[in-house]
Structure formats: C-alpha cells, structure tokens
Protein chains: 2
Amino acid sequence: MNIDIRSAHLFSSLNDHQVTQVLESSHISTLKDGESLFETGDDANRFFLVIGGQIKLFRVSSNGDQKIIDIIQPGNTFAEALMFMEHPIYPVSAEALGPARIISFDSKRFLHILSESIEVCFRIMGTMSQRLRGLIKEIDDLTLQSATTRMCAMLLRRMDEVGMSRFTLPAAKGVLAARLSMKPETFSRILQNLSSKSILELKGSEIEIIDVSLLRSLAHIESIYGLEPEMPCRVRSSL
Amino acid sequence: MNIDIRSAHLFSSLNDHQVTQVLESSHISTLKDGESLFETGDDANRFFLVIGGQIKLFRVSSNGDQKIIDIIQPGNTFAEALMFMEHPIYPVSAEALGPARIISFDSKRFLHILSESIEVCFRIMGTMSQRLRGLIKEIDDLTLQSATTRMCAMLLRRMDEVGMSRFTLPAAKGVLAARLSMKPETFSRILQNLSSKSILELKGSEIEIIDVSLLRSLAHIESIYGLEPEMPCRVRSSL
DNA sequence: GAAGTCATTTGACCTTAGTCAAGGAGGGCT
DNA sequence: AGCCCTCCTTGACTAAGGTCAAATGACTTC
C-alpha cells in the first residue's frame, strides 16, 4: 500500500522531507460500517484523510435526531481546522458510512511543519475559507429555502457531478434525507411528487431527470407554478 | 482619531512596520443606518474592521426575506477569510445597523504581509476555526433546535455577557428575530409566552430573567414541562 | 401636541414538514 | 423457497411557525 498523501489538497505542497515527517505521526485504520471515529466534544488531537469509503460528520439532538453536516469522500481531509484552537474539541461526531479506510495525523506535529511553510498555511486557509462559504450556503438553504428546493439543488449537483441526466443516488435515501435536514418520509414524498410531475423518473435509487429546466427553476425559486398546492396527503378536504 | 488596529485580534501580532504597511492601504468610512457596504456576489477585494456601531451580515431569499448570519461588533474584523480564495466573492451582504464606522483594508496587500508572518497566519487560522465552529453550532440550532430553544439560548448568552439578570436587548426585536431565523411575530409570541410563564419580565426592550434555571433547561431541551401545549393562538378548539 | 412613520403585538388562519403506524420491497441467509 | 431485517413508502394526523391584517405603542417632526 503506497498512497501519496500529496494527492490530498492539504498536503499537495509538502516536500519529500515534510511528507516523511507527517507520515511519522500517521496511523492508518479501517472502520466497519457505522463504526465511530470520534464524538462531539472529544478532544481533537488528530485530523484525518479518507482513503476509502465515506465518513459522515453529524450532530445529534437531545431527542436522538441526527443532522449530517457533511459526508467526506476519499481524498479529502477533515477536522484539520481544529488544530488552531487553544483547546481543540471536535464540534461534530464522525462515523463510517459503510466500510472505510482512513489515515489519521497528529495535529501538534503537523502544526510544527506548518510553522515552517507559509505555502501550506495558505493552502489550509484556502480550504477553510471554502468550508466557511459552504456552511454559510447551508445556513441559507436551511433558513431561506424549502425542503423541495434543497432536494432539487441536491439532484442538480449530483447530475452535474456525474455528467448525465441518469444517475444513482450517492448514498442511502435515509442518509441523504439527514444530509438535507429532512425526515426520510419527507424525502420520499418529495421525490414521489417530483416524479408525479414528470420532472424525473425514479426506480429504487436510480434517477433520471426528465425536465432539467423545470428542476432548475424549482431549485432556485420553488413553485414557479404550484408544486405544493397539490402536495399529496393534505387533509384540507376534511375540514 | 488614532485607533490602534492592534487591538483587533487579527492584527495583534503585527510589528510597527507591518502596521504602517497595512494602514497604507486602509480607508476609513462612516456609514448611515441601513447603508450598504457590499452585496452577496460582489468581488471581495477588501476586508473590514468595525470601529463603531454594528454591521449586519445577511443573505436574502428570492422572496425578499433576510436571514442575518452575524452582527459584527466594534473591534472585530470580517470578510478577511475571503482573501484566500482564488476568485473572492462576498458570500453575504453587509450593511450598517444604525450609524457605523469602519476601516477597510486591501486584501492583496495584507496577503503580502501575511506571507512574511507565520504568526499572523496562525492567528487567522485560529479565527477561521472558531468561525467554522460557530457556523456548525448555528446549523445545529437551526435543524435540531426549536425557535423557543434558540430564543432561550440567546437570552442566556446576553445575560452572561452583561453579567446581570436584568438587561436590555442588544438590537431591535425585528433584527434579533432575523438573527434567530424566525419572524418578528414569532419572536414576540415566544417572549410573551416566557413572560406568561413567569420565566422573565419584559417591558419594551428591557428584560429581567426571573427563573434562570428554568430558562436554562429550556435552552437545552425544550419543554421540560409543556411550554408548547399551551401556546396561545392555536385554533385546536374550533376543529 | 397632532400627524406620521415605524416597530411591535395580537388575532385568526394556513402551510410545511414532522409523527406515528402500517404496509411493501429487496437482499441475504439457511 | 421461506424468513428476517432493514430500508423505503404511504396514509392520516399533529405541531411549529409563517402569513396577513388590524390594533397598539413609541418616536419624530412639524
């Protein structure tokens, strides 16, 4: 197994010597599906690089609901932003979504290397900046956008990523629902609804987008013409 | 007017020479109440330090609603995280909340100084890290917490800040409502409700917390015993 | 001090999404 | 095949907040 950690953005400008140093404090591990890596509130002395599978970052509410903050894909690092805090504590929990492989690194050690390389600092700041932007967008989505809008935006992103109008969902529906901050039931209903409007066709986790432009307009401003007024399962009539 | 920008965390480890350099590209300005500083999507070539008044950062939905992401207080910088992006664009809009005074700095110029000072880099990364954490907490609040919980948490924060159980709200109620992602009406009703439960007393924007421990428990897990079941203005009875 | 403007409150009602409960459907295992 | 298990779907209903509109209050400005 010979992974070049330099393929990860964060490490990409390290020289050979630095790579060796970083690897000295590294530790590779395999996680089973659902295995926990750390929990919200744990001391954060290490950060991670996903080399296989997916890691989900999430928060749990007092009544057990969980909101998925992010799903980290292979090649990406996470929790590296914490090393700059005086008392680093993970603000989220992390566990494997399916079997996964990760490398962990000692934060202190990496900080030391960082103190010699402005270039790596800049890289990290770039990453953090983007993450900041992503979170702001997410807050926007959560407060200013409806569940349907979020769903449509997600479908469009996925379509873009795959490059085809026919694709398979990147994770189990329940997981995607939590990522989009809705219940599985709502997720299912919205998908059904889009399907009934012939905006897409779905069979299991296979989706084909039929009307891209309509989907796009829904992702931006919901209900160009009444999507919700005809939502199923409304009890209006019985009042 | 002789403000030492070093009192701002971001600049605190600059030497005299660097301060001079930074100030060379700086520009002080005064904003009237509601005056816009920049809008979401504008090119982000400058970042800012608030020296008087408050600046609100917000996003606007397609139907005109606005969500306040943050309210920046004097002594704090904002938009500095953007300079690390290749194509920097403000992810939020900014405008003065009441008359305000700010200093703006040229990002490029500052980047140059940064490239000579690891210490300042570390400081920035620390700030960004905290901001990241704050946003995650906010997402948590929005998805996993109710409006009442958010209100209670805000009141407790404010009480902590002031150090007394009697205090005045830090901004107009409508503004606070937008900050907490709720409508002014909801804000008012929740406050009324807390008042009717003798958890607090309110007169205008003066608030006195009566039952701190109950407030605290509401902030954590809502409805230890039924707060919502007795919410006013419900039409249950007419069904 | 009257008029006007703006923020807040209250009331009545509506919409979104969550809850709870009951069925499907698919996949792996024996 | 039959069974179990987990995930997804569907139906009926509830709850939290939003909407709209009117009433009140508070603060300016003339």
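Tabulated results
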read-out	value
Where labels lie 7 Å past Cα in the beta-carbon direction, separation of B:GLU201 and A:SER205 in nm	5.9
Cβ-Cβ FRET estimate between B:ASP33 and A:LYS137, R0 fixed at 30 Å, reported to 0.05	0.60
Length added when fully stretched, A:HIS220-A:ASP43, from 0.36 nm per residue minus Cα-Cα	59.7 nm
Neighbouring partner chain Cβ atoms per residue of A:81-87, average, 10 Å criterion	5
In degrees, nearest ten, helix A:118-144 long axis to first principal axis of chain A (Cα)	20
Translational diffusion coefficient (Stokes-Einstein; Kirkwood radius from C-alpha pairs) of chain A at 37 °C, 0.692 mPa s, in µm²/s	164
Spatial extent of the stretch B:76-121: Rg and Dmax, with the Cα atoms as the point set, Å	12.7, 37
Cα shape, the protein assembly as shown, gyration tensor, a/c 1.5 rule	oblate
Cβ-vector label at 7 Å, B:GLU116, separations to other copies in nm	2.3
Peptide B:120-127, shielding by other chains (average Cβ, 10 Å cutoff)	5
Mean projected area (nm²) of the alpha-carbon convex hull when the stretch B:79-193 is viewed from all directions	9.7
Accessible carbon and sulfur surface of the protein assembly as shown relative to its total accessible area, %, 1.4 Å	51
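The values are calculated or read from the model by the stated rules, or taken from the named source; none is laboratory data. Everything quoted here is computed from the prediction, not taken from an experiment. Ideal geometry is used to build each Cβ from the backbone, glycine not excepted, and the neighbour counts take in all protein chains shown. Protein only, heavy atoms only, side chains kept; ligands, DNA and RNA dropped before computing areas. Shrake-Rupley method; radii C 1.70, N 1.55, O 1.52, S 1.80 Å.
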